[in-house]
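Taking it in order: structure first as structure tokens, then the write-up.
The values are calculated or read from the model by the stated rules, or taken from the named source; none is laboratory data. Computed from a predicted structure; not experimentally measured. Cβ: placed from backbone, ideal geometry, glycine included. Neighbour counts: every protein chain shown. What goes into the accessible areas is simple: the full protein's heavy atoms, side chains included, and nothing from ligands, DNA or RNA. Shrake-Rupley method; radii C 1.70, N 1.55, O 1.52, S 1.80 Å.
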Amino acid sequence: MSKKFIGAVAGLAAASLLVAACSSSSDSGTESSAPAEATAAASEAASEAMTEEAVAAGGKACVILPDAASSARWETADRPFLEEAFTAAGVEYDIQNANGDKAKFATIADGMLASGCGVLAIVNLDSETGSAVIAKATAAGVPVIDYDRLTLGGGAQYYVSFDNVAVGTAIGEGLVKCLNDAGITEGPVAYLNGSPTDNNATLFKEGYAAALEGAGFTPTADQAVPDWDNTKAGTIFEQMYTEANGDFVAVAAANDGLGGAAIAVLDRNGQAGKIFVSGQDATDEGLQRVLLGTQCVTVYKAVKKEAQAAADLAIALLNGDQATADALATGSTTDSEAGTEVPSVLLTPQPIFPDTVKDVIADGFTTAENVCATEELQAACAEYGVQ
């Protein structure tokens, strides 16, 4: 590893300590960002500059993805977009998936660090496993980027994600819109939350609970789903539904997989489309349910922009260019466990209803062929201009 790169890492660590010393801690993870236009402009400028010149010798970019079961996005969106970004910049890379296995996550990290990674980006399975990997990388002089999920107490140098409280707010406000459009202004709601080991799930719930309760709706069931497991979600929601005798006006499900599990239970009980259900990630299945009216809203997160932002940070760190990395990270996220502020790139989510499904298609996230897969869906796609 070059002296220049080691010096850059040391400088980055010192800057992180300075930020921590000047920040105030909080009891829950919070996120704040600079205006979206400034962030986008900085990212675009950095991308162009780093593509035009060869990356300095500082090792390869390494990424550990979490699984392929909780959401299709990790393999169908994040991996190809990251590969595209690194390839365009001429950067050697290694992207692997832990497939939900914490031991495999650690083994992959050990192998990557031994094989010459100059920067490591991780999507943790939980903060404990992620922190152990970050500690090893830091000891080896390799900077770490928390990608999509913040590792509480981990000490990553940067964090790239969406404003996750805003994601939750979009879920909650989406449900409120569907309810109010149906003339419903109060009533019991169920919270089907993400994994208790994922800080994002905490932030999502913060957003949708505030939106729903602020609009006059009352939570009467509230359960987390371990590991974002859709099968477990179905079992958990069936129990919630039975205990409440189906007395919900809405279900705040934290992603499309959980939402789909809840809708399957509602469908068996003749309630699909009558009790409003949310989701997130704009999966093909989620978009299809939105078009057919069994799911009220999903939330689109432009993963390509998230992947590009992470790649830009990684390339800057490989170049030993802390100034560029700092210019990209215009936001800040509180690590509630460490009581520090993590420099962050925080992107803006978009709620998706039937009339905006076409926006997801237009952005290239999926295709009309994937979404409009049956005659019923083709009719809905024609009605809402999806092509």
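Odds and ends about this structure:
- Solvent-accessible area of residue 348, all protein chains in place: 100 Å² (probe radius 1.4 Å, heavy atoms, ligands and nucleic acids excluded).
- For the chain, the antiparallel share of DSSP beta bridges with both residues in that region comes to about 20%.
- Cα gyration tensor category, rounded, prolate or oblate, for the range 55-122 with a/c compared to 1.5: oblate
- Rounded percent of accessible protein surface that carbon and sulfur make up, the chain, 1.4 Å probe: 52
- For the chain, a Gaussian network of Cα nodes joined below 10 Å ranks 68, 302, 314 by mean-square fluctuation, and the top entry is 68.
- Local electrostatic count, residue 85, Cβ distance below 10 Å [Lys/Arg +1, Asp/Glu -1]: -2
- Set of aspartates and glutamates with alpha-carbon distance to residue 104 below 20 Å, sequence-local pairs under 8 removed: 67, 75, 78, 94, 126, 128, 146, 148, 198, 227, 229
- Surface per residue (accessible, 1.4 Å probe) for the chain, Å²: 40
- Exceeding the 28 Å Cα-Cα cut-off - candidates 274/305; 205/274; 136/301; 102/232; 274/304: 274/305; 136/301; 274/304
- Inter-label distance for residue 338 and residue 269, nm, one decimal - labels placed 7 Å from Cα along Cα-to-Cβ: 4.3
- Of 189, 153, 220, farthest towards positive along the dipole that unit charges on Lys, Arg, Asp, Glu beta carbons give the range 146-267: 153
- The relative contact order of the range 267-387 comes to 26 percent, based on Cα pairs under 8 Å that sit 6 or more residues apart.
- Estimated from helices alone, the mean residue ellipticity of the chain at 222 nm is -15000 deg cm²/dmol (sum of -39500 (n - 2.57) over DSSP H runs with n ≥ 4, per residue).
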